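For reference, the structure is listed below as structure tokens.
The values are calculated or read from the model by the stated rules, or taken from the named source; none is laboratory data. Not measured: the values here are computed from a predicted model. Every residue, glycine as well, gets a Cβ built from its backbone with ideal geometry; the counts of neighbours run over all protein chains shown. In case anyone asks, the SASA skips ligands and DNA or RNA and just uses the protein heavy atoms, side chains included. Shrake-Rupley method; radii C 1.70, N 1.55, O 1.52, S 1.80 Å.
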Amino acid sequence: MNVLELHYDVPGDDFTRAGEASSAIKNKLKQMGISPNVIRNVAIATYEGEINMVIHANGGTIDVAIDSDAVTLLLKDTGDGIPDVELAMREGYTTAKEEIRALGFGAGMGLPNMKKYTDEFELTSEVGKGTEVKMKVYLNK
Amino acid sequence: MVMKIMTIGDIVKLLECEVLCCADRLDSEVHTACGSDMMSDVLAFVKDQAVLLTGLLNPQVVRTAEMMDIICIVFVRGKKPDTAVVELAAQKNIAILSTGNRMFEACGRLYESGLRGGLSANTSGGDNAEGGS
């Protein structure tokens, strides 16, 4: 199986559109006949990532690579970055404002969910420059 | 106890719902339920053929349902989302119901009729009526 690569831009100014990239990725994986569990794990990881980009970083990009072993996800933004990654990974910790919480997000579960649903999770962030999250979901478990 | 399998149509009857879209899905089976206004909590919950009960009305409710393969959303307290949200749900083939019941009452009625929550690991709790297993 060759590597299939997909690229999506996540606009940062429109919360109502957050999730469109994840939806497109989900449909693409479905067409490829990938197993429903893998698809759901990828969908949750990209969707939480997309929401984070819109809430915290004024948008970003998602790159997806699918080969015979795994779906590899690379999420990048040029937002403010995360000063304390360990703290940000803690369940329930959030810096989201009240208006975001009123929309049903900002419960401090985004990054923990992304880690929980993927097989590999690596977050690098530089304050003032942005954040990169690389994740892998294995196809055969 | 044998877990009862109900359909979206059963939920319409039990909660006296108005069906806002995907009336053709009333025969679809619902195996589990989740009641929450925090979408991140819903995303921490994985179970097939689920129904989501919520008081939140924005399009991200439908997006969240789509990601989790949730087949039906019940809006509680008589709330109805705007047409754009209903249209998005119709595109995704997710049934949209609206009930006059409050969250607690709606979850209680479904639970009483045999519907159970799914696996809900590591949710942050709060005052959401998370369907525990």
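Restricting attention to segment B:76-91 and to residues that are within 13 Å of chain A (Cβ to nearest Cβ) and crowded, with 17+ Cβ neighbours inside 10 Å, the residue that is farthest from A:Ala45 (Cα to Cα) turns out to be B:Pro81. Scanning segment B:43-69 for residues that are over 15 Å from B:Val30 (Cβ atoms) and of a type in the set (A, V, I, L, M), which turns out modelled with the lowest pLDDT? In this case the residue turns out to be B:Val46. Does B:Leu97 count as open to solvent by 20 Å² or more (accessible area, probe 1.4 Å) and more than 14 Å from chain A (Cβ to nearest Cβ)? It is false that B:Leu97 is open to solvent by 20 Å² or more (accessible area, probe 1.4 Å) and more than 14 Å from chain A (Cβ to nearest Cβ). Of all residues in segment A:3-12, those being in a loop (DSSP other than H, G, I, E, B) and either modelled with pLDDT of 95 or more or within 22 Å of A:Asn41 (Cα to Cα) (or both) number 1.
Any residue in segment B:48-60 that is within 23 Å of A:Met109 (Cβ to Cβ), open to solvent by less than 10 Å² (accessible area, probe 1.4 Å) and part of a helix (DSSP H, G or I)? The answer is yes; a qualifying residue exists. Applying the criterion of being open to solvent by 20 Å² or more (accessible area, probe 1.4 Å) and within 12 Å of the chain's Cα centre (by Cα) to the residues of segment B:18-46, the residue that is farthest from the other protein chains (Cβ to nearest Cβ) is B:His31. So in segment A:89-117, with the set limited to residues that are free of Cβ contacts under 8 Å to residues at least 40 places away in the same chain, outside any loop (DSSP other than H, G, I, E, B) and at the interface with another protein chain (Cβ under 10 Å from one of its Cβ atoms), which one is surrounded by the fewest Cβ atoms within 10 Å (Cβ to Cβ)? Taking the candidates together, the pick is A:Arg101. Segment A:13-88 holds helices (runs of 4 or more DSSP H) entirely within its bounds, and those carrying 2 or more residues that are within 11 Å of chain B (Cβ to nearest Cβ) and surrounded by 15 or more Cβ atoms within 10 Å (Cβ to Cβ) map to A:20-31, A:36-56.
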